[in-house]
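Below is one structure; the comments refer to it alone.
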Amino acid sequence: MRRGIGVVGLAALLGLHGVPGQGRTHVVRLTGSRFVPAEIEANAGDSLRFINGPGGLHNVEFVTDSIAPPLRQRLADAMPGEKIGPLSSPLLLSGGEVYAFQVPALPPGRYPFICLAHVTAGMRGTLVILP
């Protein structure tokens, strides 16, 4: 009999956790001056897990000016923890530290985010909400 890792095992290896129909988990690594991957395609109900790399001080901050005011509040309500600014995560200080939240109901579109400490070095990403 042939055995493999199966769909669930493959999803775990790729960082796509969750039960079908209940949203996926998207893992984003904060490494150097980059978000990896820099673009995440997601749906409402999916989870985002930002994992800090070694030796970095990072955060995740959605670009307020690019998001309509009513949608800003949805994002703010979905983002837990003490924020260091509007639509911002707390600072992630240690390697392996995780910041996670569930994607709220947002209209399809592009929602840019940055790392405030490294935006001048080009640390930018985009959450793409699918139709």
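The values are calculated or read from the model by the stated rules, or taken from the named source; none is laboratory data. None of these values were measured; they are calculated from a predicted model. Cβ atoms come from the backbone with ideal geometry, glycine included; neighbour counts cover every protein chain shown. Ligands, DNA and RNA are stripped out before the accessible areas are found, and what is left, the full protein with its side chains, is counted by its heavy atoms. Shrake-Rupley method; radii C 1.70, N 1.55, O 1.52, S 1.80 Å.
Go through region 42-64 and give me each residue that's open to solvent by 60 Å² or more (accessible area, probe 1.4 Å) and either modelled with pLDDT under 95 or over 25 Å from PRO108 (Cβ atoms) (or both).
Of everything in region 42-64, those that are open to solvent by 60 Å² or more (accessible area, probe 1.4 Å) and either modelled with pLDDT under 95 or over 25 Å from PRO108 (Cβ atoms) (or both) turn out to be PRO54, GLY55, LEU57.
Can you report the number of residues in region 119-129 which are more than 10 Å from ILE40 (Cα to Cα), touching a residue at least 12 places away in the same chain (Cβ under 8 Å), out of contact with any Leu (no Cβ under 9 Å at 6 or more places or on another chain) and of a type outside the set (Lys, Arg)? Let's see the steps before the verdict.
Restricting attention to region 119-129, the residues satisfying the condition of being more than 10 Å from ILE40 (Cα to Cα) are 119-124.
Filter once more, keeping what is touching a residue at least 12 places away in the same chain (Cβ under 8 Å): 121-124.
If we keep only those that are out of contact with any Leu (no Cβ under 9 Å at 6 or more places or on another chain) as well, we get 121-122, 124.
From what's left, of a type outside the set (Lys, Arg): 121-122.
Counting residues in region 119-129 that are more than 10 Å from ILE40 (Cα to Cα), touching a residue at least 12 places away in the same chain (Cβ under 8 Å), out of contact with any Leu (no Cβ under 9 Å at 6 or more places or on another chain) and of a type outside the set (Lys, Arg) gives 2.
Quick check on my filter: what residues within region 76-93 are open to solvent by less than 30 Å² (accessible area, probe 1.4 Å) and at pLDDT below 95?
As a first pass, look at region 76-93 and keep what is open to solvent by less than 30 Å² (accessible area, probe 1.4 Å): 76, 78-79, 85, 87-89, 92.
Of everything in region 76-93, just one residue is open to solvent by less than 30 Å² (accessible area, probe 1.4 Å) and at pLDDT below 95, namely GLY85.
List every residue pair whose Cβ atoms sit under 6 Å apart, with the two residues 6 or more apart in sequence or on different chains, where the first one lies in region 70-92 and is over 17 Å from LEU48 (Cβ atoms) and the second, anywhere, is part of a helix (DSSP H, G or I).
Pairs that qualify, where the first residue is over 17 Å from LEU48 (Cβ atoms) and the partner is part of a helix (DSSP H, G or I), are PRO86/THR64.
For the structure I just gave you, tell me whether LEU87 is touching a helix residue (DSSP H, G or I) at 6+ places or on another chain (Cβ under 9 Å) and farther than 14 Å from ILE40 by Cβ. Let's see the steps before the verdict.
Working: touching a helix residue (DSSP H, G or I) at 6+ places or on another chain (Cβ under 9 Å): yes; farther than 14 Å from ILE40 by Cβ: yes.
So LEU87 fits the description; yes.
Going through region 94-115 one residue at a time, which ones are open to solvent by 60 Å² or more (accessible area, probe 1.4 Å) and either in contact with a Ser or Thr (Cβ under 7 Å, 6 or more places away or on another chain) or part of a helix (DSSP H, G or I) (or both)?
Of everything in region 94-115, those that are open to solvent by 60 Å² or more (accessible area, probe 1.4 Å) and either in contact with a Ser or Thr (Cβ under 7 Å, 6 or more places away or on another chain) or part of a helix (DSSP H, G or I) (or both) turn out to be GLN102, ARG110.
Pick from region 1-34 the residues that are closer than 14 Å to VAL98 by Cβ and open to solvent by less than 40 Å² (accessible area, probe 1.4 Å): which of them is modelled with the lowest pLDDT?
Restricting to residues being closer than 14 Å to VAL98 by Cβ and open to solvent by less than 40 Å² (accessible area, probe 1.4 Å), the top hit is GLY15.
Quick one: would you say GLU39 is within 15 Å of THR126 (Cβ to Cβ), open to solvent by 20 Å² or more (accessible area, probe 1.4 Å) and either among the aromatic types (Phe, Trp, Tyr) or in contact (Cβ under 8 Å) with a residue 60 or more places away in the chain (or both)? Lay out the reasoning, then the answer.
Values: within 15 Å of THR126 (Cβ to Cβ): yes; open to solvent by 20 Å² or more (accessible area, probe 1.4 Å): yes; either among the aromatic types (Phe, Trp, Tyr) or in contact (Cβ under 8 Å) with a residue 60 or more places away in the chain (or both): yes.
The answer is yes for GLU39.
Considering only residues of region 25-49 that are basic (Lys, Arg) and within 10 Å of the chain's Cα centre (by Cα), which is farthest from GLY81 (Cα to Cα)?
Filtering region 25-49 for residues basic (Lys, Arg) gives 29, 34, 49.
Adding the requirement that they be within 10 Å of the chain's Cα centre (by Cα) leaves 29, 49.
Details: ARG29: 19, ARG49: 14 Å.
Restricting to residues being basic (Lys, Arg) and within 10 Å of the chain's Cα centre (by Cα), the top hit is ARG29.
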